[in-house]
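Only one structure is covered here, and it is reproduced in the block below.
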Amino acid sequence: MVAADLRPRGPYSLALSARGASDATRTFRDGILNAVVPAGRGVAWQRPDEIVCLRATNEDAFDQVRFCLGLDDDHTPFVLRFQRDPLIGTAVRRLRGLRPLRVATVAHALLRALCGQLILASEARAMERRIIRAATERRDGLSVPPTTADLARFSPADLRRLGLHARRGATLVRLTRSIELERLKAETTDAVADRLERERGLGPWSVGVVCLQGLGRFERGLEGDLGLVRLLGTIRGRRVEGAETAELLEPYGEWAGIASVYLLAGYAKGLVPAAGSVAGAFGAGRRAAA
């Protein structure tokens, strides 16, 4: 057993970050994250003094859970820069400890991106859970996160039977059989985006998911996310297309990924201003950032 009590770099709230993070490989209940990772198992919770207590079965499992928590990736510069932003500022101030939780493998992030395209989040998570349970063994009720090799064993027909659309299944098979996805961690974010966007069935939203949740990078936003589409439609008072959300994220530059998370969380909690009060400020914010 490896144990450590860690002080996160910058503002960090496990309660905010892990809310809704339960999936086939982990649970978050009563303030405790219980996760299976490729190397073993880990448990984490946060004390009132903001220290995160992390326990894992071995050193490798400890490092993998620590990566998933994102404790070392200080987003203080984002908070300081955008806490007075006309659109996102209230969410940044109220939710300042929020960081996107990662998954333990890039393969899992790619699977999540393909399952999540244009369907309800609950349906996507159920499909993801079915595929992971079919791909890996279970440990004490949780599934081991899938590796590239685990997912490469499926055929497109296998994935279709598990609910994944044929074209997305073909994309998953093609990628997992052509590259070792974990090696993307050694590439620049732009190189990863260029590589993935060459694949049929992967666009900016999927790249954002892989970068945020698989690589732990903040630069790529969730362009085209249905929540952002609804938010932008409210701001503009009309129906908008997914590609238009790039304009919503453009002011946040290298922080577009974490800005996406704050926009979605803030919108859900009513912390993003209503259309009438933000439309002019949104335009002004864009001009200032240009």
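The values are calculated or read from the model by the stated rules, or taken from the named source; none is laboratory data. Worth saying up front: this structure is predicted, and the values here are computed from it rather than measured. FYI the Cβ positions are ideal-geometry reconstructions off the backbone, even for glycines, and counts take in every protein chain you see. Side chains included, ligands, DNA and RNA excluded: accessible areas come from the protein's heavy atoms. Shrake-Rupley method; radii C 1.70, N 1.55, O 1.52, S 1.80 Å.
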Pairs, please: C-beta under 8 Å, at least 6 apart or cross-chain, first residue closer than 21 Å to GLN83 by Cα and touching a residue at least 60 places away in the same chain (Cβ under 8 Å) and in the stretch 94-111, second open to solvent by 10 Å² or more (accessible area, probe 1.4 Å) and among the acidic types (Asp, Glu)?
ARG99/ASP73
Select from the stretch 82-99 the residues that are surrounded by 23 or more Cβ atoms within 10 Å (Cβ to Cβ) and either closer than 30 Å to ALA149 by Cβ or of a type in the set (Ser, Thr, Tyr) (or both) and list them in ascending order.
ARG99
Just checking, which of ARG26, ARG47 is of a type in the set (D, E, K, R) and within 18 Å of ASP140 (Cα to Cα)?
ARG26
Considering only residues that are in a loop (DSSP other than H, G, I, E, B) and open to solvent by less than 70 Å² (accessible area, probe 1.4 Å), look in the stretch 122-152 and name the one that is farthest from ALA104 (Cα to Cα).
GLY141
Only one of GLY227, GLY266, GLY257, GLY237 is at pLDDT below 95, in contact with a helix residue (DSSP H, G or I) (Cβ under 7 Å, 6 or more places away or on another chain) and crowded, with 16+ Cβ neighbours inside 10 Å, namely GLY227
Which residue pairs have Cβ atoms under 6 Å apart, sit 6 or more places apart or on different chains, and have a first residue in the stretch 20-37 that is under 13 Å from CYS68 (Cβ atoms) and a second that is open to solvent by less than 10 Å² (accessible area, probe 1.4 Å) and aromatic (Phe, Trp, Tyr)?
none
Keeping to the stretch 213-224, report how many residues are surrounded by fewer than 22 Cβ atoms within 10 Å (Cβ to Cβ) and either in contact with a strand residue (DSSP E or B) (Cβ under 6 Å, 6 or more places away or on another chain) or small (Gly, Ala, Ser) (or both).
2
Can you say whether LEU164 is touching a helix residue (DSSP H, G or I) at 6+ places or on another chain (Cβ under 7 Å), assigned to a loop (DSSP other than H, G, I, E, B), open to solvent by less than 10 Å² (accessible area, probe 1.4 Å) and at pLDDT 95 or above, as far as the supplied structure shows?
yes
Here is a list of conditions, (1) open to solvent by 50 Å² or more (accessible area, probe 1.4 Å); (2) over 30 Å from ASN34 (Cβ atoms); (3) under 20 Å from the mean Cα position of the chain (by Cα), and ASP73 meets all of them except one; can you say which number that is?
(2)
